[in-house]
Amino acid sequence: MSWAGPEDIYLSTSLASYLDRKLLVLLRDGRKLMGTLRSFDQFANAVLEGACERVIVGEQYCDIPLGLYVIRGENVVLIGELDTEREELPPHMIRVSEADIKRAQKVEREASELRGTMRKRMEFLDFD
Amino acid sequence: MLFFSYFKDLVGQEVTVELKNDLAIRGTLHSVDQYLNIKLENTRVVDQDKYPHMLSVRNCFIRGSVVRYVQLPPDGVDVDLLHDAARREARGG
C-alpha cells in the first residue's frame with residue numbers, strides 16, 4: 001500500500017478532509033454528537049474536541065456539553081460535515097434546558113415502552 | 001474487491017444510501033474504500049422532517065458496516081459487465 005500524497009485527500013474516503021471541522025456524528029444507539037474532529041484512524045475511531053450531545057425530542061432540543069471524546073469506530077453510523085452557512089435545525093424547533101429535555105426524553109421513553117407492552121399483550125391474539 | 005472496483009466506477013453518480021437504522025440519504029458518490037465506506041456530497045435526507053438534525057449536512061462519511069442498500073440509477077449499472085466480473089471472481093477465488 002503506497003502512502004497517500006496530499007492531493008489524495010480530496011479523492012479518497014479518508015476522514016483527513018474533515019480534520020478540525022465541526023461535525024455531526026451519528027452513533028448506532030441513536031445519539032447525535034457534535035464536535036471538532038481532531039483525530040481518526042482506519043476503524044473510524046475518532047477524537048472529538050468540544051463535543052456535545054444534541055438531544056431532540058419532538059420540537060424541543062438541547063445541546064449537552066461533553067468535552068473531549070474518543071469514539072470507538074464500531075459505533076459510528078455517519079460523520080457529517082455541518083454547513084456553517086445553513087441552519088443546523090429547522091426554525092420551528094425550540095431550545096430548552098437540559099432538565100427539560102431529560103424530562104421530555106423520559107416521557108417519550110415511557111410512552112414507547114407502554115406501546116411495546118400493549119403490543120405484546122395483543123400479539124397472542126394473532127391478528128393478520 | 002469486486003464491489004470496491006464497481007463502486008469506484010460509479011463515482012460521480014447520484015445514489016441513495018439506505019442505512020441499517022432506516023435513514024436514507026441521497027447524494028453524489030464522492031469516494032469509496034476497501035471497507036465500502038462511502039463519502040457522499042451534496043446530500044439530502046429522504047425523509048427530512050423525521051431527521052431535523054441532518055438539515056445542514058451537505059457532505060458525509062458513511063461507515064460501510066452500517067449500510068443496508070445502495071440504490072443506483074437503473075441505467076447506471078452495466079449488469080452484464082458485473083455478471084462477467086462475478087463469474088471471473090468465482091473462478092479465480
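The values are calculated or read from the model by the stated rules, or taken from the named source; none is laboratory data. Only a predicted model underlies this, so the values are computations on that prediction, with no experimental measurement involved. Neighbour counts run over all protein chains shown; Cβ positions are idealised from the backbone, glycine included. The accessibility values were calculated without ligands, DNA or RNA, using every heavy atom of the protein model including side chains. Shrake-Rupley method; radii C 1.70, N 1.55, O 1.52, S 1.80 Å.
Numbers at a glance
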| quantity | calculated |
| --- | --- |
| Solvent-accessible area, 1.4 Å probe, carbon plus sulfur percent, for the protein assembly as shown | 53 |
| Residues listed by number, the stretch A:84-102, amide nitrogen under 15 Å from A:Glu59 label point at 7 Å toward C-beta | A:90-96 |
| Total accessible surface hidden between A and B, rounded to 100 Å², 1.4 Å probe | 2300 |
| Accessible surface, the stretch B:2-91, averaged per residue in Å² (probe 1.4 Å) | 54 |
| Within chain A, longest stretch free of exposed chymotrypsin sites (Phe, Trp or Tyr not before Pro) [DSSP loop, at most 10 other beta carbons within 10 Å] | A:4-123 |
| Estimated 222 nm signal from helices in chain A, with DSSP H stretches of n ≥ 4 weighted -39500 (n - 2.57), rounded to 500 | -7000 deg cm²/dmol |
| Number of partner chain Cβ atoms within 10 Å, mean per residue of A:81-91 | 4 |
| Probe 1.4 Å, protein heavy atoms only - accessible area per residue of chain A in square angstrom | 67 |
